[in-house]
Each structure stands twice: as structure tokens, then as C-alpha cells.
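Structure first, then comments.
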Amino acid sequence: MPKILPDFLSSVKLKYVKLGYQYLVNHILYLLLVPVMVAILLEVLRLGPEEIVNLWHSLHFDLVQILCSSFLIIFVATVYFMSKPRTIYLVDYACYKPPVTCRMRILERSGLGEETCLPPAIHYIPPTPTMEAARGEAELVIFSAMDSLFKKTGLKPKDIDILIVNCSLFSPTPSLSAMVINKYKLRSNIKSFNLSGMGCSAGVISIDLARDLLQVHPNSNAVVVSTEIITPNYYQGNERAMLLPNCLFRMGGAAILLSNRRSESRRAKYRLVHVVRTHKGADDKAYRCVFEEEDKEGNVGISLSKDLMAIAGEALKSNITTMGPLVLPASEQLLFLFTLIGRKIFNPKWKPYIPDFKQAFEHFCIHAGGRAVIDELQKNLQLSAEHVEASRMTLHRFGNTSSSSLWYELSYVESKGRMKKGERVWQIAFGSGFKCNSAVWKCNKTIKTPVDGPWADCIDRYPVHIPEIVKL
């Protein structure tokens with residue numbers, strides 16, 4: 001009997017083959033340059049000192065050529081540094097921590113814990129969502145977050161040059177940004193903006209707006225406040241599609257200090273690298289999948305379409321198509337390109353290659369919009385349980401706090417002592433319209449475990465096991 005050859009395909013660990021491929025492609029320039037540099041060094045050693053001196057003397061330098069070359073180098077360097085975008089630093093941020101006080105089948109499967117908080121007006125039966133109560137909730141959440149930010153950073157109100165407040169569903173007159181200006185007596189020449197109606201992804205939109213403003217206003221500080229006011233938007237009807245927001249949304253807010261001042265580079269926690277925004281509003285289904293309307297009885301609420309997850313998946317696909325070339329290493333981009341060419345030319349049935357975004361990011365902050373949202377993104381991006389831990393635990397502890405949820409998740413990672421210098425964070429948020437927005441941050445320094453913040457008194461209990469169904 002001839003000896004049967006071993007099955008090399010099964011014996012070779014493909015994991016290490018892929019690691020070797022990634023290392024080869026991602027370091028191809030270094031691997032090519034090192035032999036060239038070694039060859040040059042050997043040639044220089046072979047020539048000897050006398051031949052090197054003779055070679056130097058044989059060169060003829062013309063004064064005009066030297067001056068022109070110097071001028072050209074200075075000109076190119078000046079143009080480069082003047083056209084280079086200003087670095088945007090995230091100095092620090094603060095999250096509102098609700099006080100301890102605080103529809104059966106939907107709530108059982110929501111993934112929320114028992115410590116999430118609803119505003120006082122919703123505690124009554126029936127709820128009493130008055131304008132006064134809504135303003136009271138806004139003042140409590142926003143002012144608490146701002147006070148914490150001032151305390152953490154030492155920032156003074158007069159040092160704020162740009163103020164951006166985003167709240168999707170509560171848009172009173174005067175605006176929430178005016179409310180902040182009045183409370184802290186901010187400067188009369190402050191550039192203030194109030195964003196409403198932009199859903200849970202408005203926090204990333206606010207960061208993008210702050211970035212653009214900081215590019216044209218040097219030596220400035222920008223404060224972004226992200227929140228959602230629950231009081232006036234509690235649905236009191238019985239339509240199932242409109243009940244889900246009641247079960248998921250909870251009180252929350254965050255205040256973030258951004259700056260383009262070089263003096264802030266040392267103490268800043270993060271540096272903004274990319275912002276990618278995707279808007280699918282041109283499609284009718286996407287536009288109406290999260291829609292504020294009245295039910296048959298005239299009760300106003302937010303209706304969630306059954307197509308929501310499919311639409312979110314398409315928006316995510318468009319977003320990562322733009323994000324991928326900006327962040328993925330060359331090895332992942334080549335694999336994606338080869339697979340795409342293979343499907344177009346050879347076999348359309350080939351399984352599409354999903355880039356490994358774990359090669360580009362160490363931490364993922366996925367909007368805690370609900371259990372289904374986190375499950376879908378974990379599946380599509382092939383993430384581990386640890387990668388989505390911050391999102392799941394934020395949903396369990398604080399609920400869906402809308403645009404501020406990303407900052408509770410980032411605070412969770414820091415509270416666990418996992419954020420190291422040079423690591424990258426991907427914030428992904430979804431919002432009505434329909435939008436998928438992403439922000440990429442790079443950690444400036446290894447962050448010490450905070451002694452305060454929203455997780456200070458409970459981080460030791462997390463992570464917790466979250467069952468599929470919790471009987472109430």
C-alpha cells in the first residue's frame with residue numbers, strides 16, 4: 001500500500017497562515033527597504049574612508065542651485081503644514097448619572113436591568129408629561145453633565161468658544177443651547193447650535209460639526225452636549241410598533257470638551273481621526289422606518305418599522321464601505337478586492353469577504369439602541385462577546401440613552417482599565433432618517449481607571465449575564 005500523504009489543509013492552522021499574510025502585506029515596505037539599506041551600508045563600508053572623501057570632493061555645488069533647492073524645500077514644507085487639518089483633541093467628557101430612585105413582554109426581552117431611570121413625570125399613573133416637567137428633566141440632565149465636565153477639566157464657562165446641544169425630540173423655545181448659555185452666563189460672542197430631530201446618531205453629527213468649526217476657528221474650545229428628554233415623548237397608546245421606545249429609552253446625557261489648542265495635547269484623552277456619515281433618507285422605506293406620528297386614537301409616538309434592522313444593515317454596509325479604506329490595513333483591503341474581482345469575473349456565488357475590522361480597532365462602541373441592534377452588528381462584523389460587552393452592559397445598566405449612549409460605553413471601557421495609549425475606538429450610531437454615523441478616536445495616553453463617573457459604584461458587578469428572557 002502506498003503511503004497516504006497527510007491532509008496538509010487540515011493540519012496547517014489557517015489562523016497562523018492568515019497572520020503571516022497580514023504581517024507580510026502590512027509590512028511590505030519595511031521588508032523591501034531593509035535589504036536595500038543593508039546593501040547601501042555594505043557598499044559604503046567596502047569603499048573605505050578615502051574613497052568616500054574623494055567622492056564628496058568630486059561633487060560640484062552651485063550657489064544658485066543650493067538657494068533654489070532650499071527655497072523649494074521651505075516652500076513645500078510651509079504649504080504642507082498650512083494645509084494640514086488642525087488636530088482635534090477630546091480633552092475629557094462627563095456623563096449624567098441618574099439617581100438611584102427611579103408592557104410586560106417587550107420589557108422582558110429588552111436586555112435592560114433594574115437600575116435604569118425614567119424621569120419623575122413618567123412615574124405617575126397616568127404619566128403627566130407637562131412642559132414644566134420636560135424642562136425640569138432637561139435642566140437636571142444637562143446641568144449635571146456640564147457641572148461634572150467643569151469639575152473634571154477645570155474649564156471655566158468663559159473659555160467656551162463653541163457650544164453644540166443635540167436633543168432629537170424635545171425642542172423648546174428658547175432652545176436648549178440658550179438654556180445652557182443662560183445658566184452658565186456664557187460669552188455673548190459664543191457660537192451656539194441646537195440640533196433636533198436627528199435621532200440617536202446626532203451625537204456623532206455634533207462631533208462632526210464641532211470638528212468643522214474647530215478647523216476654521218483656531219485656539220478654540222468646543223463643548224458638545226448630547227441627550228434625549230423622555231418626559232414629553234412617552235407614548236400612552238397601545239400600538240405595539242410604538243410601545244418599544246417606552247421600554248428602551250431612559251434618562252441620560254453627556255458633555256464633551258473638544259479643543260484644537262496645542263496646549264491641550266498632553267492632557268487630552270483622545271484624538272479625533274475620522275468621522276464618516278451615511279444618510280439613506282432618499283429611500284422612502286428608510287425615511288419612514290423610524291417615524292413620529294399619531295396612532296388611531298390620536299396618541300403621538302415613535303413608530304418603528306419591521307424593516308428597521310434590514311435598513312440599518314444597508315446603512316451600515318454603506319458606512320463601512322467608506323470607512324474601510326480609511327482604517328483597514330492593506331492585507332484586509334487586498335483580500336476584499338480579490339474577492340470582489342473574483343465574484344465579478346469568475347463566480348458570482350462566491351461568499352463575499354467581510355473585512356476583519358478587529359485589525360483596525362481595539363474597542364467598539366456600538367449604539368445601545370436595543371438588544372437586536374447589538375446582536376446584528378456583532379454578527380455582521382464578526383465581533384466577539386468582549387468587543388460588544390461595553391454596549392450590552394450600557395444597555396443593561398442605563399438603557400437606551402439615545403445619542404449619549406456611546407459615551408457611557410466609552411466610560412465602561414475606561415472603568416475596566418482597558419484603554420491603552422495608541423489604541424483605536426470605533427463609535428457607531430444609528431438614527432432616524434435613516435442614518436448610520438461613525439467616529440474614530442485614537443487614545444493619546446494610557447487612561448487610569450476613573451474613581452468617579454457613571455460606573456464608579458457598580459463597575460465591579462459587571463459584566464453580568466443577561467438572559468434571553470427575564471420574567472417580571
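The values are calculated or read from the model by the stated rules, or taken from the named source; none is laboratory data. Everything numeric here is computed off the predicted structure, so don't read it as measured data. Note: ideal-geometry Cβ built from the backbone for every residue, glycine included; neighbour counts use all protein chains shown. Each accessible area value is taken on the protein alone, full model and side chains, heavy atoms only, with ligands, DNA and RNA left out. Shrake-Rupley method; radii C 1.70, N 1.55, O 1.52, S 1.80 Å.
Write down the accessible area per residue of the chain in Å², having rolled a 1.4 Å probe over the full set of protein chains.
Accessible area per residue: 55 Å².
Antiparallel as a % of all DSSP beta bridges within the chain, to the nearest 5? Taking every DSSP beta bridge with both residues in the chain, the antiparallel ones total about 70 percent. Show that you can apply the helix-only estimate: for the chain, add -39,500 (n - 2.57) for every DSSP H stretch of four or more residues, divide by all residues, and state [θ] at 222 nm to the nearest 500. My calculation for the chain gives -13500 deg cm²/dmol from helical runs alone.
Ratio of Rg to Rh for the stretch 87-245: 1.00 [Cα atoms; Kirkwood radius as inverse mean 1/r over pairs]. By the equivalent-ellipsoid construction on the alpha carbon gyration tensor, the stretch 266-315 comes out with semi-axes of 33, 17, 9 Å, ordered largest to smallest.
Restricting the GluC sites (Glu not before Pro) of the stretch 390-472 to loop positions (DSSP other than H, G, I, E, B) with no more than 11 neighbouring Cβ atoms within 10 Å leaves Glu468.
Reported value for the stretch 385-472: 121 Å³ per residue, from the convex hull of its C-alpha atoms. Summarised in one figure, the compactness ratio Rg/Rh of the stretch 188-291, Cα atoms and Kirkwood Rh, is 1.05. Ligands, DNA and RNA left out, the 1.4 Å accessible surface of the stretch 356-424 is 44% carbon and sulfur atoms.
Extent of the stretch 320-396 along its three principal axes (Cα atoms, max minus min coordinate, largest first): 47, 24, 19 Å.
Inverting the pair-averaged 1/r between distinct Cα atoms of the stretch 256-373 gives 18.2 Å as its Kirkwood hydrodynamic radius. Qualifying trypsin sites (Lys or Arg not before Pro) in the stretch 339-436, where qualification requires a DSSP coil assignment and no more than 13 other C-beta atoms within 10 Å, comprise Lys349, Lys420, Lys421.
With K and R counted +1 and D and E -1, the other residues having a Cβ less than 15 Å from that of Val388 yield a net charge of +1. Restricting the trypsin sites (Lys or Arg not before Pro) of the stretch 230-273 to loop positions (DSSP other than H, G, I, E, B) with no more than 15 neighbouring Cβ atoms within 10 Å leaves Arg266, Arg267. Straight-line reach from Lys344: taking Cα to Cα under 19 Å and skipping same-chain neighbours fewer than 8 places apart, the aspartates and glutamates in range are Glu332. Pairs from the table (Lys379/Lys416; Lys151/Lys183; Lys156/Lys448; Lys420/Lys442) lying more than 20 angstrom apart at Cα are Lys379/Lys416; Lys156/Lys448. If you bin all the Cα-Cα distances of the chain at 10 Å, starting from zero, the percentages per bin are 4, 17, 26, 22, 14, 9, 5, 3, 1, 0. Applied to the stretch 229-235, the Karplus parametrisation 6.51 cos²θ - 1.76 cosθ + 1.60 on θ = phi - 60° returns per-residue 3J(HN,Hα) values of 9, 7, 3, x, 10, 7, 7 Hz, with x for Gly and Pro.
The relative contact order of the stretch 355-449 comes to 31 percent, based on Cα pairs under 8 Å that sit 6 or more residues apart.
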